[in-house]
Amino acid sequence: MGQDVFVVVEYLRREVSDISYVMLAAARQLAQGCGGNVVAVLLGQNAKELTGSLSADRVLYCDHPSLADFNPDAYRAVIMNLVKEQSPRAVLFGHTTIGTDVAGLISEGLSLPLVSSCLTLGADGKFISQICGGKIMVEGELPAPSALITVVPGGYKSEEGKASKPPEVTALAAPALENLRLALKKYIEPDAGDVDISKASLLIAVGRGIQNKDNLDLVNELAAATGGTVCASRPVVDQGWLPTTRLVGKSGKRVKPKIYLALGISGAPEHVEAIGESDVIIAVNTDLNAPIFNVAKFGTTLDLLEVVPQLTEKVRQIQAS
């Protein structure tokens, strides 16, 4: 049986997704232990240029009109055929709508074990996986000889999976892809809103602890003084106090700012999962036992309604000096 570790690359609108780089970093660690290579698998049409940033020993690229956009039937056919031919040690998918869709189909089709929500992979073949929405961490040993894995962000930085030089690319022949059950009719671009929080370097996030919409004025003043961008956890968006374009979390956007200031956010797993690549997390929450403090580098239990005006004033004083 082969010892290579395959990574199924995800991308959208000609841009490789961060989770692909996270998977490549995880695959590298596992491959070092089993003595195999990291093999990126890219499916698409006229998408070969996307291979240049992938930190893999080699890339298998399958070019076909049916792969121009994501199609679970087409992905299933190509990857099942590949796994049957090469029997890799493991195949990594993102724990995303795309990855879980395809991984489930292949697990059922080839009767292979599937490890879900994997956070880290060790060189010794052991893994740590999240269950119950991230509230419980489980350690296990990767099933042999081949296993499928869905990977969640947080265990590795995306930069660890990016290449300093383009990898070797090998063409992968496509099996018959006619008469697919599904076809993409139209891609509907979501409303971009007034700002893309996933690209902001300073995020000021508000949660339930903001208490009411009027108190957002204090946060907006801090954002204006610092040049930061205001975003929110689910409770604030559900109240309609901020648009969905400002939502951080599993059902919103994943972010990776230099500074993430969490104001009145408890730190539910769905939220923490989306901020794991932030350089520095600062938490303000009156509850000392709030989970957000487990991931914060700095924090205070002072009332945010007291902290925010003082912080704004301090910033203004520094700027004026």
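Computed from the coordinates by the stated procedures, all read-outs in this text should not be read as laboratory data. Note that this is a predicted model, so its numbers are computed, not measured. Positions of Cβ are backbone-derived with ideal geometry, glycine not excepted, and every protein chain shown enters the neighbour counts.
With the simple spin-label model, which puts each label point 7 Å out from Cα in the Cβ direction, the CYS132 to GLN317 separation comes to 4.6 nm. Entry note, region 197-320: relative contact order of 26 percent, from Cα contacts under 8 Å with a spacing of 6+ residues.
For the chain, modelled as a GNM whose springs connect Cα atoms under 10 angstrom apart, the maximal fluctuation among LEU92, LEU110, LEU67 occurs at LEU110. Counting only Cα atoms, region 197-320 measures 39, 29, 27 Å along its principal axes, largest extent leading. Just so you know, the Cα atoms of region 5-171 work out to an Rg and Dmax of 14.5, 42 Å.
Would you please report the Å³ per residue occupied by the convex hull of the alpha carbon atoms in region 149-234?
Cα-based convex hull of region 149-234, divided per residue, equals 253 Å³.
Note on the chain: helix-only mean residue ellipticity at 222 nm, from DSSP H runs of 4+ residues weighted -39500 (n - 2.57) and normalised by residue number, equals -8500 deg cm²/dmol. Using only alpha-carbon positions in the chain, the gyration tensor eigenvalues give semi-axes of 40, 21, 18 Å once each is multiplied by 5 and square-rooted (largest first).
Computed over region 221-270, the quotient of the alpha carbon radius of gyration and 2.2 N^0.38 Å is 1.12.
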